[in-house]
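Undergrad: Before we start, here is the structure in question, set down as structure tokens.
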Amino acid sequence: MTPETVTEGSRSPDRFSTTRWSVVLACADSAAGEKTARKALTDLCKTYWRPIFAFICRRGYSVPDAQDLTQDFLLMVIEGDLLKRADPARGRFRSLLLKALQNLLTDNTIRKRARKRGGDMKFVSWDEWMAEAPSKLAITAQEAETWPAEKIFDVRWAATVVEHALRRLGEECEARGRRRVFDVLSDCLAAERQDVSYPDLSKILGVHETTVKRLVHQMRQRYRTLLREEVAQTVEKPEDVDEELRYLCAVLVAGAA
């Protein structure tokens, strides 16, 4: 996947009036908007907690301890004043989370505060996480033991963004009676064009080769749009989307190397 592959398409600046991260930042310093900001931040945390858990595990914590720390950290983010204390990282939700997480694991005072704040409250379902763990973008056991924690965080972040876009595309295809088309062609979305065998796909689907090319083109276009929308939820300004997409692509390439 190249940066050009995912940054094509129309821009929609107006969407940023309702994206979750822009809502959080707009309301962060407003008592009147606190409830709205917390709801948007909670939704983001529920979506992107996997990189946090992977980062904590790589720092040497056992799975049970990492689960507890992930719960505590997310509750601290949602209920605390993290945003007001992290101005340099406010542009990107990913950057803010990583910086705050590094602080949590190196500052015993913050860690104790998180433990007290979280208590026995449960924020995410670990059984759900195990069931939804990615297959194609998973980190191997060797990589989990040798990669720096920051790299694992970034790869898991990028994988989460991609998987959410793919899941939405699959759901859309299923709603239109094209689930089999998605299952067969989804591997083509990030592949180089010379690596796609249209004759083989034509035989599998039982349709003409020109139809396959059209379907792949349509799915790629929609996938790019969905990927942009997923990224837009985590940056502050419309002009940040392309840069974050390029970063996402670079992370995935480095992770596959």
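Undergrad: Ranked from highest to lowest mean number of other Cβ atoms within 10 Å per residue, what is the order of the peptides 248-254, 227-233?
TA: 227-233, 248-254
Undergrad: With θ taken as phi - 60° and the coefficients 6.51, -1.76 and 1.60, list the Karplus ³J(HN,Hα) couplings across segment 100-106 in order, rounded to whole Hz; mark glycine and proline as x.
TA: Going residue by residue, I get 5, 5, 4, 5, 4, 7, 10 Hz, with x marking Gly and Pro.
Undergrad: Another one. Give me Val23, Val207, Val63 ranked fewest to most by other Cβ atoms within 10 Å of their Cβ, as a rough exposure proxy.
TA: Fewest to most other Cβ atoms nearby, the residues stand as Val63, Val207, Val23.
Undergrad: So, one more: In whole Hz, what ³J(HN,Hα) sequence does segment 48-55 give by Karplus (6.51, -1.76, 1.60; θ = phi - 60°), x for Gly and Pro?
TA: 10, 7, 4, x, 5, 4, 5, 4
None of the figures in this text is laboratory data; all of them are computed from the coordinates on show. On a predicted model such as this, the values are computed, not experimentally measured, just so you know. FYI the Cβ positions are ideal-geometry reconstructions off the backbone, even for glycines, and counts take in every protein chain you see.
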